[in-house]
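**Q** Handing you a structure now.
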Number of protein chains: 2
Amino acid sequence: MRVTVLGAGYMGSAIACVARRRGHEVRLWGTWLDDPMLEPCERGEPHPRLRLRLDGIALLRAPRLAEALDGAELIVHAANSEGVLPVLTRAAPHLPDVPVLSVTKGLLEAPSTRRMDRIDVVVQERLGRPVRFVHAAGPAKAMEVARGVLTWMHFAGRPENATACAQALRGDGLIVTTSEDIAGAELCSALKNAYATGLGLWDGFVGAQAHNARAACFTQALVEMRALVTAGGGTIETVYGAAGAGDLHVTAAAGRNRAFGERVGRGVAAAQVAAEMLAAGELTEGYPAIATAWRFAGERRVRSVPLLDALHAIVWQGDEVGAVLRRLSF
Amino acid sequence: MRVTVLGAGYMGSAIACVARRRGHEVRLWGTWLDDPMLEPCERGEPHPRLRLRLDGIALLRAPRLAEALDGAELIVHAANSEGVLPVLTRAAPHLPDVPVLSVTKGLLEAPSTRRMDRIDVVVQERLGRPVRFVHAAGPAKAMEVARGVLTWMHFAGRPENATACAQALRGDGLIVTTSEDIAGAELCSALKNAYATGLGLWDGFVGAQAHNARAACFTQALVEMRALVTAGGGTIETVYGAAGAGDLHVTAAAGRNRAFGERVGRGVAAAQVAAEMLAAGELTEGYPAIATAWRFAGERRVRSVPLLDALHAIVWQGDEVGAVLRRLSF
């Protein structure tokens, strides 16, 4: 199968490795920001983030987008939420009518409604044409996916599209389940970044001995994600599966959202932590995710989200972290 | 309110502290094994495990059981699953008709059916009389409960009993929700010890970079707990709330079950790890919990529990950990 991956960062390169290992003919296209990723790979050196060699994978720089898409039977979209519209707008004229598996997580403003909405909704509205969109959710850190560590991904989309993507990529350590609940899967992927930050706050505020508080917030996050997902048209099965509970677990256990939460929990202003992490080249998805999730909750009139309200108060309204956490109740 | 706590270990002493802080008149009775816990407290020193002074709490050694129960308006049972029948059999003649809040987690063999069953079922059968049993579930490490760290407990029992227990203990950092689903809550409490061990295996087998695998097993644990809980008469709401997902989160994040799993994951025989931990004074609830959960699954004819089967194969049948984990799929 001819698989084209758009975006040569962590996750795009990891999926390219998986696809290559499954025997596919793989092209990895880098965006105009990805030259530093591709350059070492072109010399046969390891990918600078993934720290693996991309043997047997064709590498194409940004100007070769049409060539990258020509004849593709499966497309993987792996730019981040800021890149999804610029990338797919440029790709649109060359996009074959094949499934597009998107690993991008987030919510965007829909031009028509001015409300926060799912990426597939906004993309199709902007492109003015249908896309055979499949959302890849679930607890999948790219470093581990690329190394074959047991991983459970959940692909959501129309059955024929989701199944095609699953059949192309599953195997060895990669378990792939599918469903039609694209709304639930996309919302879970976006929301878990916000809630994972909430667990990190306790590491900074109390320290390691806050297991009960983190678990209480994990439980409440599932309660609130369920309310938000059902308001957005998704199902509770998705919330309690790999896309929801599973991905929240991995995001809260480690990574940048937790690190962000921990520093904010120590009392440093969220804007300052975000700026410092950005300067250090670390993207903190949880920071904007809290704002978009909170806006989504308001727009969909989901009122009972005390944990999200608390996160928003601390991170975006400058409320004192201790005061908010001490009065937190569910 | 006059509150009597039976069992002066970690959790009994922690609940006694909470009850005292709520203004109750508290008696803490130690079993015949608890003298080393009470002795320092009687001298005004901190509780040796909890490392807190039990100020204002009446301390009663094992022979004073009748006195401890006399006039009690709420009883907290905090012996472990091995102690529950010996303690409650001795207490029975003196037991007033008040709610009994039990923090004991596990399954026991019912004398009549010879099947693994819930503690409240077995206790009432053995005592030959009804007990106003309330099961305390949820992610509550005793050290943190005693120190007022935000904690979400879930009390399950007949509404009048569960509500009485919740009203007596909730407040400050302690959130208490209630439900009538005693079957679901007890089963979650017992099962999570088994499944938490499964997450720990990956720490030993792969190391820290197994977030995806741990999250996949967390997700699958919820799937299997749901099947086992509904087979036992519980509801899925309990599985996805504090009693299930919440308690699994805290148990898998830290503690002895994880430590046990980690050493087994490195290839050490489970029986040896259990024996060494026991010799070091550490109880590994996950070790017997896997056996009882697996037996429960068989007795209730729940067939599709591949993760529990894998845990049982590794821990109780001596299968090679790498071989089992590499072929694990859901």
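**Q** Given the criterion outside any strand (DSSP E or B) and in contact with a helix residue (DSSP H, G or I) (Cβ under 8 Å, 6 or more places away or on another chain), identify the matching residue among A:Leu101, A:Leu54. Can you show your working first?
**A** Numbers: A:Leu101 fails: outside any strand (DSSP E or B).
Going through A:Leu101, A:Leu54 in turn, just one is outside any strand (DSSP E or B) and in contact with a helix residue (DSSP H, G or I) (Cβ under 8 Å, 6 or more places away or on another chain): A:Leu54.
**Q** Within the range B:93-108, track down each residue that is aliphatic (A, V, I, L, M), closer than 30 Å to B:Trp294 by Cα and open to solvent by 10 Å² or more (accessible area, probe 1.4 Å). So that I can check it myself, show each step before the final result.
**A** Residues of the range B:93-108 that are aliphatic (A, V, I, L, M), as a first pass: B:95, B:98, B:100-101, B:103, B:107-108.
Subsequent filtering for residues that are closer than 30 Å to B:Trp294 by Cα retains B:100-101, B:103, B:107-108.
Across the range B:93-108, the qualifying residues are B:Val103, B:Leu107, B:Leu108.
**Q** Got a number for residues in the range A:203-243 being within 7 Å of chain B (Cβ to nearest Cβ), in a loop (DSSP other than H, G, I, E, B) and open to solvent by less than 20 Å² (accessible area, probe 1.4 Å)?
**A** Qualifying residue count, the range A:203-243: 3.
**Q** Among (1) assigned to a helix (DSSP H, G or I); (2) touching a residue at least 60 places away in the same chain (Cβ under 8 Å); (3) within 14 Å of chain A (Cβ to nearest Cβ), there is one condition B:Pro139 misses while meeting the rest; what is its number?
**A** Every condition holds for B:Pro139 apart from (1).
**Q** Just for the range A:150-202: of the residues that are farther than 16 Å from A:Gly234 by Cβ and of a type in the set (Ser, Thr, Tyr), which one is nearest to the other protein chains (Cβ to nearest Cβ)?
**A** The selected residue is A:Thr151.
**Q** Now for a separate question. From the list A:Thr163, A:Thr89, which residue is free of Cβ contacts under 8 Å to residues at least 24 places away in the same chain and of a type in the set (S, T, N, Q)?
**A** Values: A:Thr89 fails: free of Cβ contacts under 8 Å to residues at least 24 places away in the same chain.
After applying the criteria, what remains is A:Thr163.
**Q** Go through (1) open to solvent by less than 60 Å² (accessible area, probe 1.4 Å); (2) at pLDDT 95 or above; (3) hydrophobic (A, V, I, L, M, F, W, C) one by one and return the number of the condition B:Trp294 breaks.
**A** The failed condition is (1).
**Q** Filter the range A:258-312 down to residues that are among the aliphatic types (A, V, I, L, M) and within 20 Å of A:Val223 (Cβ to Cβ), then give me how many there are. Step through it out loud before you land on a result.
**A** Taking the range A:258-312 as the starting set, the residues that turn out to be among the aliphatic types (A, V, I, L, M) are A:259, A:264, A:268-271, A:273-275, A:277-280, A:283, A:289-291, A:293, A:297, A:302, A:305, A:307-308, A:310-311.
This time we only want the ones that are within 20 Å of A:Val223 (Cβ to Cβ), so: A:289-290, A:293, A:297, A:302, A:305, A:307-308, A:310-311.
Result for the range A:258-312: 10.
The rows are residues; the columns are (1) within 14 Å of another protein chain (Cβ to nearest Cβ); (2) touching a residue at least 60 places away in the same chain (Cβ under 8 Å).
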{"position": "B:Ala291", "(1), (2)": "no, no"}
{"position": "B:Ala297", "(1), (2)": "no, yes"}
{"position": "B:Arg303", "(1), (2)": "no, no"}
{"position": "B:Leu307", "(1), (2)": "yes, yes"}
{"position": "B:Ala313", "(1), (2)": "no, no"}
{"position": "B:Asp319", "(1), (2)": "no, no"}
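**Q** Mind checking which residues of the range A:321-330 are within 11 Å of another protein chain (Cβ to nearest Cβ), assigned to a helix (DSSP H, G or I) and open to solvent by 20 Å² or more (accessible area, probe 1.4 Å)?
**A** Step one: filter the range A:321-330 for residues within 11 Å of another protein chain (Cβ to nearest Cβ), giving A:325-330.
Add one more test, that the residue is assigned to a helix (DSSP H, G or I), and what stays is A:325-326.
A:Arg326 - this is the single residue of the range A:321-330 that is within 11 Å of another protein chain (Cβ to nearest Cβ), assigned to a helix (DSSP H, G or I) and open to solvent by 20 Å² or more (accessible area, probe 1.4 Å).
**Q** In the range A:202-231, what count of residues is obtained for those that are of a type outside the set (Gly, Ala, Ser) and more than 13 Å from B:Val149 (Cα to Cα)?
**A** Of all residues in the range A:202-231, those of a type outside the set (Gly, Ala, Ser) come to A:202-203, A:205-206, A:209, A:211-212, A:214, A:217-220, A:222-226, A:228-230.
Restricting the remaining residues to those that are more than 13 Å from B:Val149 (Cα to Cα) gives A:218-220, A:222-226, A:228-230.
The qualifying residues number 11.
**Q** Tell me, which residue of the range B:18-44 that is farther than 22 Å from B:Glu144 by Cβ and part of a strand (DSSP E or B) is least open to solvent (accessible area, probe 1.4 Å)?
**A** B:Trp29
**Q** While we're looking at this one, here's another question. Inside the range A:113-150, can you point out the residues that are open to solvent by 10 Å² or more (accessible area, probe 1.4 Å) and on the phi > 0 side of the Ramachandran plot?
**A** Result: A:Arg114, A:Gly128, A:Gly148.
**Q** Still on this structure: Among the numbered conditions (1) in contact with a Cys (Cβ under 7 Å, 6 or more places away or on another chain); (2) part of a helix (DSSP H, G or I), tell me where A:Phe155 comes up short.
**A** (2)
**Q** Which condition does A:Ala259 not pass, out of (1) among the aliphatic types (A, V, I, L, M); (2) crowded, with 21+ Cβ neighbours inside 10 Å; (3) touching a residue at least 40 places away in the same chain (Cβ under 8 Å), if it passes all the others?
**A** (2)
**Q** If you don't mind, another one. Does A:Pro86 qualify as being exposed (fewer than 15 other Cβ atoms within 10 Å of the Cβ), within 22 Å of the chain's Cα centre (by Cα) and not basic (Lys, Arg)? Let's see the steps before the verdict.
**A** Values: exposed (fewer than 15 other Cβ atoms within 10 Å of the Cβ): yes; within 22 Å of the chain's Cα centre (by Cα): yes; not basic (Lys, Arg): yes.
For A:Pro86, the condition - exposed (fewer than 15 other Cβ atoms within 10 Å of the Cβ), within 22 Å of the chain's Cα centre (by Cα) and not basic (Lys, Arg) - is met.
**Q** Of the residues that make up the range B:62-74, is at least one touching a helix residue (DSSP H, G or I) at 6+ places or on another chain (Cβ under 7 Å), open to solvent by less than 60 Å² (accessible area, probe 1.4 Å) and not in a helix (DSSP H, G or I)?
**A** yes
The values are calculated or read from the model by the stated rules, or taken from the named source; none is laboratory data. Only a predicted model underlies this, so the values are computations on that prediction, with no experimental measurement involved. Counting neighbours? That spans all protein chains shown, and the Cβs are built from the backbone with ideal geometry, glycine included. Protein only, heavy atoms only, side chains kept; ligands, DNA and RNA dropped before computing areas. Shrake-Rupley method; radii C 1.70, N 1.55, O 1.52, S 1.80 Å.
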